Each structure stands twice: as C-alpha cells, then as structure tokens.
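Here's the structure we're looking at; comments come further down.
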C-alpha cells in the first residue's frame, strides 16, 4: 500500500523522501517513518517504477517512470479483493481522479455494495444479540449500533460521490 501511495504522489510531481513522508501525513492516512519510506523508494527504484534525480542540496528527488505510471494505473484500476481494508480503499480513493469517470463510478459502487452487505449482516447480528438474551452487555450492543450507523453514513457518503460523478458526466 505504501508503494502505491508513493507512486500516486509521484504522479503529481517529483519529490524527495521528506516531501513524500510529509504528503502522506497530509493525506491523513498514517505517519510513515523514514525506516519504511526509504526501503519503499529503493524497492520502487529497483523495479524501475521510479528514478532518482538530482534534488536540492544533498537530497535526492524521485520521479515516476513510464513503468511506474503503468504499475500505478494497474494498481488503481484493479478490482479490490473482498478483504480490502478501509485504509486501502481510502488510499485508492485519494488517487481516484486519475481514472476515467466510468471506472471511478464502478469502484465507488463496488465499495457501496460491499458495505451494504456488511450492514445487512451487522443488522442481523444486532437483532440476534438483542433477542438472544436480556443480559447482553449494553456496551456491546452500543458498539454494534455505532458500527451500523457508521456504515450507514459511509453508504450515504458513497451515494453522494456516485451522484456527483454522474452529474459531472452528464454536464
């Protein structure tokens, strides 16, 4: 996932390691240590996805290569597996603008369908927990309700993104 995010940021412009680390933090996903960042850069450079260029001072800048652009495009457009984490989806979403509109809608709708399925299961589990025993811990029930409401909010948010994409396509 880190390699994908680095490639996505380099699609915008060449950057040095510190800039990449800062940009990842600004995206709000995670704080990356230099102990993770530089091995990722070496790995991508070894694969030919990026190349080091002269930067400012002693810093190396990195630029994406044509091979890196192809790798990024393939990773971005790939069908997510059923176990795609929330963070992996969020990273993909951060770079969704690099895809054509119809692919963006497809990815958003697939995510919505996955969340709808999770919501159905969560509702059934909550109903079972409420009816199974009067002694079910109220905090466990509250946590289950919170998870359902969060999933409902995510579905509503995705509906808004899909509607916006469709409006943009017809405009």
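Would you mind finding the one in 8, 48 that is in contact with a helix residue (DSSP H, G or I) (Cβ under 9 Å, 6 or more places away or on another chain), surrounded by 14 or more Cβ atoms within 10 Å (Cβ to Cβ), closer than 20 Å to residue 66 by Cβ and at pLDDT 90 or above?
Numbers: 48 fails: surrounded by 14 or more Cβ atoms within 10 Å (Cβ to Cβ).
Answer to the check: 8.
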Please determine, by comparing only the residues of the stretch 114-135 that are surrounded by 13 or more Cβ atoms within 10 Å (Cβ to Cβ) and at pLDDT 90 or above, which one is nearest to residue 81 (Cα to Cα). 114
Filter the stretch 11-45 down to residues that are modelled with pLDDT under 85 and more than 27 Å from residue 86 (Cβ to Cβ), then give me how many there are. 0
Exactly one of (1) surrounded by 14 or more Cβ atoms within 10 Å (Cβ to Cβ); (2) under 23 Å from the mean Cα position of the chain (by Cα) is unmet by residue 78. Its number? (1)
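Would you mind stating whether residue 58 is more than 22 Å from the chain's Cα centre (by Cα), farther than 22 Å from residue 87 by Cβ and surrounded by 12 or more Cβ atoms within 10 Å (Cβ to Cβ)? Reasoning before the result, please.
Numbers: more than 22 Å from the chain's Cα centre (by Cα): yes; farther than 22 Å from residue 87 by Cβ: yes; surrounded by 12 or more Cβ atoms within 10 Å (Cβ to Cβ): no.
Taking the combined requirement at face value, the residue does not satisfy it.
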Filter the stretch 11-33 down to residues that are crowded, with 17+ Cβ neighbours inside 10 Å and touching a helix residue (DSSP H, G or I) at 6+ places or on another chain (Cβ under 7 Å) and give me whichever is farthest from residue 53 (Cα to Cα). 32
Here are the criteria: (1) within 21 Å of residue 86 (Cα to Cα); (2) in contact with a helix residue (DSSP H, G or I) (Cβ under 8 Å, 6 or more places away or on another chain); (3) loosely packed, with under 14 Cβ neighbours inside 10 Å. Tell me which single one residue 3 does not satisfy. (3)
Listing of helices (runs of 4 or more DSSP H) fully contained in the stretch 28-141 that carry 2 or more residues being in contact with a strand residue (DSSP E or B) (Cβ under 8 Å, 6 or more places away or on another chain): 34-46, 66-77
Which one of these is in contact (Cβ under 8 Å) with a residue 24 or more places away in the chain, at negative phi and loosely packed, with under 13 Cβ neighbours inside 10 Å: 138, 69, 111, 87? 87
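The values are calculated or read from the model by the stated rules, or taken from the named source; none is laboratory data. Quantities reported herein were computed from a predicted structural model and do not represent experimental measurements. Positions of Cβ are backbone-derived with ideal geometry, glycine not excepted, and every protein chain shown enters the neighbour counts.
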